[in-house]
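The values are calculated or read from the model by the stated rules, or taken from the named source; none is laboratory data. Just so you know, these numbers come straight off a predicted model, no measurement behind them. So basically every Cβ, Gly included, is an ideal-geometry build from the backbone, and we count neighbours across all protein chains shown.
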């Protein structure tokens, strides 16, 4: 009798754990889409610049690359495991890209990603940018989310609304 009870208890715990993993683990979400492009300074390609990307979802993550002789760089998409809570939760990921060139730091991308899909920052298109380090920051809104950037990419920004 005791053996049956122990066996049932073990089966209940194992099946409960498997059920919880299948319910609460919703897979992976894209916290920063794959990005590639060219870094320019006064219109000239910047060779050997460090491109440093930071995401802040469940924990802060950082990766980086270096531009080639033509100022080109690329970084792969960042995916993180997403655990569904019992309570509704909004998807919010802080995004930042800095470029380090000639002992100067340039913030070229700062924004918040609110959609789990890759390429949400460009309405589904690949994220290919041209960034001019000497350019003034511009605010570009995509699906209501502002990106403060020195970059241009193939996206149709939100229509600016007149307040008056």
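Taken as a whole, the structure leaves residue 80 outside the set of residues that are out of contact with any helix residue (DSSP H, G or I) (no Cβ under 8 Å at 6 or more places or on another chain) and assigned to a loop (DSSP other than H, G, I, E, B).
Would you check which residues across the stretch 88-113 are within 14 Å of the chain's Cα centre (by Cα) and not in a strand (DSSP E or B) and list them? Selection gives 91, 92. Within the stretch 40-78, restricting attention to residues that are surrounded by 19 or more Cβ atoms within 10 Å (Cβ to Cβ) and within 19 Å of the chain's Cα centre (by Cα), the residue that is modelled with the lowest pLDDT is 57.
Against the condition outside any strand (DSSP E or B) and closer than 16 Å to residue 29 by Cα, how does residue 116 come out, does it pass? Here the answer is yes, as residue 116 does meet what is asked.
Residues checked against (1) surrounded by 13 or more Cβ atoms within 10 Å (Cβ to Cβ); (2) over 14 Å from residue 107 (Cα atoms); (3) at pLDDT 90 or above; (4) within 19 Å of the chain's Cα centre (by Cα):
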site	(1), (2), (3), (4)
124	no, yes, yes, yes
127	yes, yes, yes, yes
134	no, no, yes, no
141	yes, yes, yes, yes
146	yes, yes, yes, yes
153	yes, yes, yes, yes
162	no, yes, no, no
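For residue 102, state whether it is modelled with pLDDT under 95 and touching a helix residue (DSSP H, G or I) at 6+ places or on another chain (Cβ under 9 Å). Answer is no for this residue.
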